[in-house]
Amino acid sequence: MKVPLLDLKAQYDSIKNEVDQSIRDVLDNSSFILGPHVKKLEEDIAVYSQTKYAIGVASGTDALLLSLMALNVGPGDEVITSPYTFFATAGSISRLGAIPVFVDINPKTYNINPELIEKKITKKTKAIIPVHLYGQCAEMDAILDIAKKHNLKVVEDAAQSIGAEYKNRKAGSMGNAGCLSFFPSKNLGCYGDGGMVVTNDEGLAEKIRVLRVHGSKPKYFHSVIGLNSRLDSIQAAILNVKLKYLDKWSDGRRINAGKYDEFFKDAGVVTPYIEPYNKSVYNQYIIRVKKRDELQKYLKEKEIGSALYYPLSLHLQECYKDLGYKQGELPESEKAANET
């Protein structure tokens, strides 16, 4: 029996009629760009994320990029973030000519370790991007305290954590901006690329709305240079259907995670650690073992799907050689990359 890592077909089959009808509505109305389906999704995601505003964009990567642009991060600025994350987190910083400054992770949660942040702050530091990895929020109180003390902006990379909670606060609602991804494999995934920025800052929300349409307001009049980064109406229509089921699906993930925890109890496997005040949405269920590659080979032979997130820490990537990080400099990230 083959066990896929992710079965999107099964999910689609369970909501097929609703999704198909929602897509037909877009086709019948021909409102393909920033139409009523996008507006509805923005309103509903804002409520769901406990924020005042939500702005649909073309991808989770663009959500990060636009947030940093709106916060005036630019050439020579430094942005502190985690080295153990998907490349888009750091790549968005670099795309603006800013410099990613990597801080090692907490080995239990895999999120950035706030105790190590302050020593990396310089006069050039402009912002912090904590990543809520694998569906669990980072230690936000400590991060926000540091940001306030040093007058820094905070952009939450919540690409893997829509619906996750930190002390009863939703992922994305705590910093200056929160960035969501609707990549198909996410807990709330569309059928292509899509993303969203959530925020409580009206001025920031408006700036991102302008930046996502080439910096124009009104149309054809450009106050700033922006991007072409709009959430497609068809993707929004799909997400409007799926959002209704998101909490139920996340509950199911937590139930399954509890079963795995029990199965692995005496197997010499390190299972996910969730802080008692956190509510994880388990975007991935990550285990840690000494013979990781051998285990994955065995699973493949048994036709059981698995994947490695992330096999090379960002500070050791070829494109960041010029930053001067050395092997062993961020040991917990490197160890996680080798064992999870």
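Pairing residues of region 5-30 that are of a type in the set (S, T, N, Q) with residues that are surrounded by 12 or more Cβ atoms within 10 Å (Cβ to Cβ) and modelled with pLDDT under 95, at Cβ distances under 9 Å and at least 6 apart in sequence or on separate chains, gives N29/G35. Scanning region 114-144 for residues that are of a type in the set (S, T, N, Q) and open to solvent by 30 Å² or more (accessible area, probe 1.4 Å) gives a single hit, T122. Residues in region 84-93: is at least one surrounded by fewer than 17 Cβ atoms within 10 Å (Cβ to Cβ), out of contact with any Phe, Trp or Tyr (no Cβ under 9 Å at 6 or more places or on another chain), assigned to a helix (DSSP H, G or I) and among the hydrophobic types (A, V, I, L, M, F, W, C)? For region 84-93, residues surrounded by fewer than 17 Cβ atoms within 10 Å (Cβ to Cβ), out of contact with any Phe, Trp or Tyr (no Cβ under 9 Å at 6 or more places or on another chain), assigned to a helix (DSSP H, G or I) and among the hydrophobic types (A, V, I, L, M, F, W, C): absent. Scanning region 33-46 for residues that are over 18 Å from the mean Cα position of the chain (by Cα) and of a type in the set (V, I, T), we see that the one that is farthest from D247 (Cα to Cα) is I33.
Counting only residues that are outside any strand (DSSP E or B), touching a strand residue (DSSP E or B) at 6+ places or on another chain (Cβ under 7 Å) and either open to solvent by 10 Å² or more (accessible area, probe 1.4 Å) or on the phi > 0 side of the Ramachandran plot (or both), region 211-229 holds 4 of them.
Of all residues in region 144-157, those that are charged (D, E, K, R) have Cβ atoms under 6 Å from Cβ atoms of residues that are surrounded by fewer than 21 Cβ atoms within 10 Å (Cβ to Cβ), 6 or more apart or on another chain, in K153/N176. Within the set I304, I287, I255, the sole residue that is more than 23 Å from A159 (Cα to Cα) and either among the hydrophobic types (A, V, I, L, M, F, W, C) or touching a strand residue (DSSP E or B) at 6+ places or on another chain (Cβ under 7 Å) (or both) turns out to be I304.
The values are calculated or read from the model by the stated rules, or taken from the named source; none is laboratory data. Everything numeric in this text was worked out from a predicted model, so none of it was measured. Because the Cβ atoms are built from the backbone with ideal geometry, glycine has one as well, and the counts that use them run over all protein chains shown. All accessible areas refer to the heavy atoms of the entire protein, side chains included, with ligands and DNA or RNA removed. Shrake-Rupley method; radii C 1.70, N 1.55, O 1.52, S 1.80 Å.
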